[in-house]
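One structure below.
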Amino acid sequence: MKDIEQLYALWDEFLKEWPARRLRTMTLDEYTQAGSKDTFTYWLEWRLRDLGSIRGRGASKFGIFSRANDEPKESHGRLRYCDSHAWYSALGATAEEAFEKVRDYVIQIAELASQGDVDGIGALSFKDSEGRSLRIKEAEGEAFRWKVAFHYQDRKKPVIVDVFNPALLAAYTGRSASEGMTALQKAAIAKRPAGMGILEYGRQIGMTQQPCTNLIYYGPPGTGKTHKLNEILEDEYAQTDVSPEEWRNRFIAEKITTLKWWESAVAVLYDLGGEADVTQMIRHPFIQAIAKTKSSRNMRTTLWGVLQHHAIEGSIVATRNRAAPAVFDKNASSVWKLAGDWEDACADLIALVDEFKRGPQEASVIQRYRFVTFHQSYGYKNLFKVCLWVRKARPRAACGVANPRWATRPICGLRLAAHPDPHFRPSRPDSEQVPRNLSRDCALY
């Protein structure tokens, strides 16, 4: 997700490309065209996805959409098809006739938004060939309508937030999702802190915790369960356009903090050019992150011990407890360096640090979700009672072993540790933390 300044700049770019006056002369191909990234609908669904997402709700939400292939498809009661387009049957007999109504609908939304008329926007709908309101499922038409309205409102006097999920707005405002988007948008705007930008406020709402729905997709193979779940995860919990700093922090948290102490020492020395003293190594972000993860109280003592244990034979290091691999050596000035067959023994670590040095690539994505697989002895009904056990540290016992206190946190079906906030990092149980006799309780709370 881009930072706030980039998002405002993106909003400006959209309005420069699609000013309200252009909507009146917009053609069908400018509105929707498969393969084009410059159409009005592509802008709204994809290029502006970080300013309120409407993805994953089907292309029919646009009223009419361009087909990706021209294979014949039979029209049915709800949708009509031709070789190039599909549209709501009630909008007309041809694609051109349907588009005229859709364009008028979009123009009205933009005009009402610029006037700050939230009630008028809420009352709008697509019109059929006889001018009657066309009922469209809320999950489709509602999101599109409010998305258009958000981008054409007066930014100096905003009346709409870039959140188009009724459940999320209801959770934040303390209202019911059944009240409808008009009431929810008004309630949200009424709670906006004075002086807070509309995009900043939208992010604040987006961090609201929603009640667990325990939604399970079931059915025969090939019915789209996994596809639907992947759509949701990609839409809500996959972050693109990652800043270099955030990418580095995430890289260290996910790939460096899991290293053993001797591995981290190799990574740090390699990153520092092959040699360094212990003070320089301790200041390195790799060591800082690992020490924090492992709750190490004395980094210097720990690091010295690791370096000595893995020192090569013949080194001036005086120790009897040597361990493989032997990859370190030091000089009389206590400067440590990589030695011996370290390149062969540490090939994976070299590749890891090289990846870190390269930084985020163009297609870098941070996945803020994790899948969990349950033992086959548990059925679907058990998933409704699944809990995520969160380890909370307690004072160490006399034996020096931490006494964990276990608390429960509900999760939604197969979505584990998923959260839109980049800074939200829930714990998860693993084989080293969870007592054996707790495994069944962890699955059947």
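Listing for the model above:
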item: Highest to lowest packing among 143-150, 99-106, 169-176, 290-297, scored as the average C-beta count within 10 Å; result: 143-150, 99-106, 169-176, 290-297
item: Interatomic Cα distance distribution for the range 1-113, bins of 10 angstrom, percent; result: 13, 43, 32, 10, 1
item: Sorted peptide list for 38-46, 193-201, criterion being average Cβ within 10 angstrom, highest first; result: 38-46, 193-201
item: Whole-Hz ³J(HN,Hα) from phi, Karplus 6.51 cos²θ - 1.76 cosθ + 1.60, for the range 18-34, glycine and proline x; result: 10, x, 4, 5, 6, 4, 5, 10, 4, 8, 4, 5, 6, 7, 8, 7, 4
item: Sorted by Cβ neighbour density within 10 Å, fewest at the top, the residues PHE356, PHE62; result: PHE356, PHE62
item: Rounded FRET efficiency, nearest 0.05, which uses the C-beta distance separating ASP154 from THR25 and R0 of 22 Å; result: 0.45
item: Burial ordering of HIS227, HIS310, HIS284, fewest other beta-carbon atoms within 10 Å first; result: HIS227, HIS284, HIS310
item: Positive minus negative residues near PRO19 (Lys, Arg vs Asp, Glu; Cβ under 12 Å); result: +1
item: Sorted by Cβ neighbour density within 10 Å, fewest at the top, the residues ILE316, ILE350; result: ILE316, ILE350
item: Estimated distance in nm for a label pair at THR223 and ARG283, the labels positioned 7 Å out from Cα along Cα-to-Cβ; result: 6.1
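We did not get these values from a lab; they are worked out from the coordinates using the rules stated. Here the structure is a predicted model, which means the values were calculated and not measured. We place every Cβ from the backbone using ideal geometry, glycine too, and count neighbours over all the protein chains shown.
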